[in-house]
Amino acid sequence: MALLETRGLTKEFGGLTALDGVDIAVEEGELVSLIGPNGAGKSTLINTITGQLSPTAGDVTYAGTDLVGMKPFEIAQLGVGRSFQTASILPELTVRENIQVASFAAEHGSFRVNFLRRRDSFDAVQEQTNEILETIDLDSKADMDAQSLPYGDKRRLEVAIGLATDPDLLFMDEPTAGMSPTETEMTVDLIGDLLTDWGMTIFLVEHDMDIVFDVSDRIFTLHQGQLIARGTPEEIREHPAVREAYLGGGDGA
Amino acid sequence: MSMDTIRNSFDGDSSVLSWETWNQIKHTERFVFLSSVLFVLLFSYTFGRAPVISDVFQGYHGLAMTILIWSIFALGFNLLLGQTGLLSFGHAMFFGTASYAAALFAIHVYNEPLLVVLVGTLAAVTLGVVAALILLRLHTVYFSIVALAIAQFLYFLAREPLVEVTKGINGLDIPRAPLLGLVELEHEYSGLVGTLLVNNLYIFIGAFFVAVVALITRIRKSPYGLIFKAIRENETRTAFVGLDVWRYKFAAFILSAAIVGLAGGLMAVNTQFAGVERLYWSVSGDIVVMTVLGGLGTLAGPVIGTFVFFYFKGIVNGFPTLGNYWLLLLALSFTAVVWAYPDGIWGMLTDFTAALRDPKELLSNARQRISDLVSTGGDR
């Protein structure tokens, strides 16, 4: 059985159909990418799966659990992590604290009564935070305010927060947007590590087609709310509907 | 330690070394605890009786106790506004309700100050649970305004329909009772203790002040302190890492209500009185002013803000001519401070002390600040 599965997922905003009967299945341990032109419904699909929006019709199941009607924090606790498109960090907290918040959620669950215990007495949380800081190569900037980080570092911190929730399935919404070539390369390497070393399943939304074709096991193509193609990178590259709707659009992005 | 390291630590920049040590010390719980004890020991004396200094303040012992209690109120309020980012315009509801509950318990059940304060606190917690269930469904300005509406509802309820219980605008008088049936609160000391602390009532209130400072310091250092700040910064993000934002907000609300309730109970014991004016909307407004003026989200800020507020209210008020305009003067100072220093008086002080270590930075900071104000029109 697939790790994540949607069946007939539909989302309407007033008269507009943003998602129109989307069926996708993601297997454990694979990296799938979602592509599609602007306004195709990519963000709506992620938001509907992760609980920010509730679908008009259809099902979402994760590891056999029905996600429809669950709150975002409950879905996150099941092991579905998310990094946001715009760096959605906690600006006035330090880099370390940003990651620590997520580590507490991963180690302690959604709520715990522990306001009389010091944070630094929770060793597992501190360890996990340090591990993430090292993985994402932000340990030298751990005590800086998140808001004073350069743009590329903010994006990496965004991914780090997603990682610190210790997910089995991680949604990454355009993780390389606005990054320099070096940073992009680092992020692509990181994605590879997450798959092989961490055993994560990754759901990537990405505009950079080179990255998508390079790293994906399978690709879903969304167009006007409908899934018009799915398959391996080679299949998608050759798919006539995709070429027409998307790749054939001129600049390839 | 080898001679080299010793030499390095002296040859290096010895002033940097000491500042670093200081930075570490000042955030420890022990330091905060000792500071609050020292503050309580010296506050009434410097404020009311010390040679020269007290003449400048023109304060007195009774006002020192009022300031300590309102500081507890402001610290509790700050936990919600400064730490968690929830602006309640109705915190008078906890102060007033706790005061009434304390007084009613003292009059009708049993009059023992410690128990009376506890009952006041529990009443505020109970009210907090009900209010939170209503308020936490609301966001931003709706949260603030409905909080105000609940407090005003309780004000009118206490004033007219419940006049049999609350004695309406006359309020309730509480006889003075000994602590644990043994210790007279109004017993005055002589000698050094008398000079510093005057009487048992001050020690009673001061002990609660120290306890609340210690509790809040601990909460700030606990996972809650971090998660409250995360909610303040970005609620959506906090939910998406897997935290139940509603429950943490509920916890912040109840902790805040409990601390404010403690202040309300203490106020009843201190003044031997509980009245309807403690539920009035202006109390909710005053506490916002005190907290923001002193410095949101900090520990010392609310205490400083409370002090400045009462200094204007109790002392500038008495100045010839100028005294009639104390509220205007307070408003002007408030605007000036918050315009230039959004982090309040405490933010202003920490800016200064940080800059004093590095005068060059002081200059560049000042330039930066002025250019910021000019370019944004102070809109921050």
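The values are calculated or read from the model by the stated rules, or taken from the named source; none is laboratory data. Quick caveat: nothing in here was measured; it's all calculated off a predicted structure. A quick note on method: Cβ atoms are made from the backbone with ideal geometry, for glycine too, and the neighbour counts reach across all protein chains shown. Calculation scope for accessible area: heavy atoms of the full protein, side chains included, ligands and nucleic acids excluded. Shrake-Rupley method; radii C 1.70, N 1.55, O 1.52, S 1.80 Å.
Quick look at the numbers
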{"quantity": "Approximate spin-label separation A:Ala63-A:Glu131, in nm, with each point projected 7 Å along Cα-to-Cβ", "calculated": "1.6"}
{"quantity": "B:Ile134 accessible area, assembled protein chains, probe 1.4 Å, Å²", "calculated": "80"}
{"quantity": "Normalised convex hull volume, the protein assembly as shown, alpha-carbon set, Å³ per residue", "calculated": "221"}
{"quantity": "Eligible lysines near B:Lys167 by straight Cα distance, threshold 28 Å, same-chain separation 8 or greater", "calculated": "B:Lys313"}
{"quantity": "Net charge of Cβ neighbours under 15 Å - reference B:Val198; Lys, Arg +1; Asp, Glu -1", "calculated": "-2"}
{"quantity": "A:Ser43, A:Ser216, reordered so the largest accessible area comes first (probe 1.4 Å)", "calculated": "A:Ser43, A:Ser216"}
{"quantity": "Selection from A:Leu53, A:Leu67, A:Gln85 lying farthest towards where the dipole of segment A:1-154 points positive, charges on Cβ", "calculated": "A:Leu53"}
{"quantity": "Given charges at beta-carbon only (K, R positive; D, E negative), |dipole| of the protein assembly as shown in Debye", "calculated": "3160"}
{"quantity": "Antiparallel %, DSSP beta bridges [both residues in chain A], to 5", "calculated": "55"}
{"quantity": "Global geometry of segment B:18-340, whether rounded, prolate or oblate, following the gyration tensor of its Cα atoms and the 1.5 cut on a/c", "calculated": "rounded"}
{"quantity": "Averaged over B:227-233, number of beta-carbon atoms from partner chains that fall within 10 Å", "calculated": "6"}
{"quantity": "Extension gain from B:His27 to B:Tyr189, taking 0.36 nm per residue of separation minus the Cα-Cα distance", "calculated": "54.9 nm"}
{"quantity": "DSSP bridge orientation in the protein assembly as shown - percent antiparallel, rounded to nearest 5", "calculated": "60"}
{"quantity": "Euclidean distance of C-alpha centroids, segment B:219-262 and segment B:127-169, integer Å", "calculated": "22"}
{"quantity": "For chain A: relative contact order, % (alpha-carbon pairs under 8 angstrom, 6 or more apart)", "calculated": "25"}
{"quantity": "Inter-chain shielding of A:98-111 (mean C-beta neighbours from other protein chains, 10 Å cut-off)", "calculated": "6"}
{"quantity": "Choice from B:Pro320, B:Pro178, B:Pro342 with maximal GNM fluctuation in chain B (Cα, 10 Å cutoff)", "calculated": "B:Pro320"}
{"quantity": "Whole-Å distance, taken between Cα centres, linking segment A:1-54 and segment B:263-301", "calculated": "51"}
{"quantity": "Subset of A:Lys141/B:Lys360; A:Lys11/A:Lys42; A:Lys154/B:Lys360; A:Lys71/B:Lys221 violating a 20 Å alpha-carbon distance limit", "calculated": "A:Lys141/B:Lys360; A:Lys154/B:Lys360; A:Lys71/B:Lys221"}
{"quantity": "Accessible heavy-atom area order of B:Glu164, A:Glu27, highest first, probe of 1.4 Å", "calculated": "B:Glu164, A:Glu27"}
{"quantity": "Shape call, segment A:153-199: gyration tensor on alpha carbons, a/c limit 1.5", "calculated": "oblate"}
{"quantity": "Charge dipole (debye, nearest 20) of segment B:18-340; +1 at Cβ of Lys and Arg, -1 at Cβ of Asp and Glu", "calculated": "740"}
{"quantity": "Rounded to whole Hz, the Karplus (6.51, -1.76, 1.60) HN-Hα couplings of segment B:150-161, x for glycine and proline", "calculated": "5, 4, 5, 4, 5, 4, 5, 4, 6, 6, 10, x"}
{"quantity": "Spacing of the two label points (7 Å from each Cα toward its C-beta) at B:Glu20 and B:Ile315, in nm", "calculated": "4.0"}
{"quantity": "Long-range amide H partners of A:Leu170 with built H, under 5 Å", "calculated": "A:Gly81, A:Thr201, A:Ile202, A:Phe203"}
{"quantity": "Local net charge near B:Ile174, Cβ-Cβ under 14 Å (Lys/Arg +1, Asp/Glu -1)", "calculated": "0"}
{"quantity": "Virtual spin-label span in nm between B:Met348 and A:Asp143, 7 Å along Cα→Cβ", "calculated": "2.9"}
{"quantity": "Within-10-Å neighbourhood charge of A:Asn130 [Cβ basis; K, R +1; D, E -1]", "calculated": "-3"}
{"quantity": "Inter-chain shielding of A:76-83 (mean C-beta neighbours from other protein chains, 10 Å cut-off)", "calculated": "3"}
{"quantity": "Segment A:88-166 - charge dipole about Cα centre, Lys and Arg +1 at Cβ, Asp and Glu -1, debye rounded to 20", "calculated": "280"}
{"quantity": "Net length gained if the chain between B:Leu133 and B:Lys167 were fully extended (0.36 nm per residue, minus Cα distance)", "calculated": "9.3 nm"}
{"quantity": "Per-residue ³J(HN,Hα) for segment B:180-190, Karplus 6.51 cos²θ - 1.76 cosθ + 1.60, θ = phi - 60°, Hz, x for Gly and Pro", "calculated": "6, x, 10, 9, 6, 5, 8, 4, 9, 8, 10"}
{"quantity": "B:Glu160 accessible area, 1.4 Å probe, all protein chains in place, Å² to nearest 10", "calculated": "110"}
{"quantity": "Exposure rank, largest accessible area first [B:Glu233, A:Glu12; 1.4 Å]", "calculated": "A:Glu12, B:Glu233"}
{"quantity": "Whole-number percent relative contact order across chain B, with pairs defined as alpha carbons under 8 Å at least 6 apart", "calculated": "25"}
{"quantity": "Accessible surface of B:His27 - all protein chains present, 1.4 Å probe, nearest 10 Å²", "calculated": "110"}
{"quantity": "3J(HN,Hα) from dihedral phi, segment B:198-211, Karplus parametrisation 6.51/-1.76/1.60, rounded to Hz, x for glycine, proline", "calculated": "6, 9, 5, 4, 5, 5, 4, 5, x, 5, 5, 4, 4, 5"}
